[in-house]
1. If you take the residues of segment 110-152 that are under 16 Å from Tyr64 (Cβ atoms) and in contact with a helix residue (DSSP H, G or I) (Cβ under 8 Å, 6 or more places away or on another chain), which of them is surrounded by the most Cβ atoms within 10 Å (Cβ to Cβ)?
2. In this structure, does Tyr70 turn out to be under 15 Å from Ser33 (Cα atoms), out of contact with any helix residue (DSSP H, G or I) (no Cβ under 8 Å at 6 or more places or on another chain) and modelled with pLDDT of 95 or more?
3. Can you tell me how many residues within segment 79-107 are touching a Gly at 6+ places or on another chain (Cβ under 6 Å) and more than 12 Å from Pro129 (Cβ to Cβ)?
4. Considering only segment 43-159, give the strands (runs of 3 or more DSSP E) lying wholly within it that have at least 1 residues that are touching a residue at least 40 places away in the same chain (Cβ under 8 Å).
5. Among the residues of segment 14-26, is there at least one that is out of contact with any Ser or Thr (no Cβ under 7 Å at 6 or more places or on another chain), modelled with pLDDT of 90 or more and of a type outside the set (A, V, I, L, M, F, W, C)?
6. When you look at Ser31, is it of a type in the set (Gly, Ala, Ser), under 15 Å from Ile112 (Cα atoms) and surrounded by fewer than 21 Cβ atoms within 10 Å (Cβ to Cβ), yes or no?
7. Among the candidates Arg36, Arg42, which residue alone is among the charged types (D, E, K, R), under 26 Å from Glu130 (Cβ atoms) and either modelled with pLDDT of 95 or more or in contact with a Leu (Cβ under 8 Å, 6 or more places away or on another chain) (or both)?
8. From the list Tyr87, Tyr70, Tyr64, which one is within 13 Å of Val142 (Cβ to Cβ) and either buried (at least 16 other Cβ atoms within 10 Å of the Cβ) or over 15 Å from the mean Cα position of the chain (by Cα) (or both)?
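The values are calculated or read from the model by the stated rules, or taken from the named source; none is laboratory data. Note that this is a predicted model, so its numbers are computed, not measured. We place every Cβ from the backbone using ideal geometry, glycine too, and count neighbours over all the protein chains shown.
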Amino acid sequence: MRKNKVIRQSSLFLLGMSMAWMSCAQAKYNSVSMRRSACFGRCPEYEVSIDKSGKMQLTGKRNYDMLGVYSKQLSKKDAAKLLNTFYSFRVDTCAGSYKVVISDLPGLFYTIGLKDGTKKEIKNAHFGPEFMKFLGQRMDSVIKTGGWKKISDLPENQN
């Protein structure tokens, strides 16, 4: 039984990766936003978003190397690849919230901007399907590529 679960998760991962790499330059979602919330310790708290034009914004809130609001621009092609990675897993069909089973883990939240102008929110994604964690790692890898320009400090009420 466990072996089948591992095979199924591996297959989903490979399918998603192949779909992402084969994606065309047209993004299937308008935007994706990911937020990692605090834990009982010193977990980094930040939010990052990207839209189909490649505009990215990062807001580092607490326990994070980059505190404040930052922006950078990706190419439309790179933005489409990232957005289509999310689409390949059809995150718009996921549950809106997953039950928290370990209270000390940092929260993982997504907001997906759909083509029809609506938004899909996914709360506690860390406890959802395994690919949710993979998508979080993918977003984090884009953050680490650098090129961020600080545009403002955090507003006083967010410090």
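1. Taking the candidates together, the pick is Met139.
2. yes
3. So the count comes out to 2.
4. Details: elements: 45-51, 55-62, 68-73, 108-113, 119-122, 149-152.
It comes to 45-51, 55-62, 68-73, 108-113, 149-152.
5. The answer is no, given that none of the residues of segment 14-26 is out of contact with any Ser or Thr (no Cβ under 7 Å at 6 or more places or on another chain), modelled with pLDDT of 90 or more and of a type outside the set (A, V, I, L, M, F, W, C).
6. yes
7. It is Arg36.
8. Every option except Tyr70 fails the conditions.
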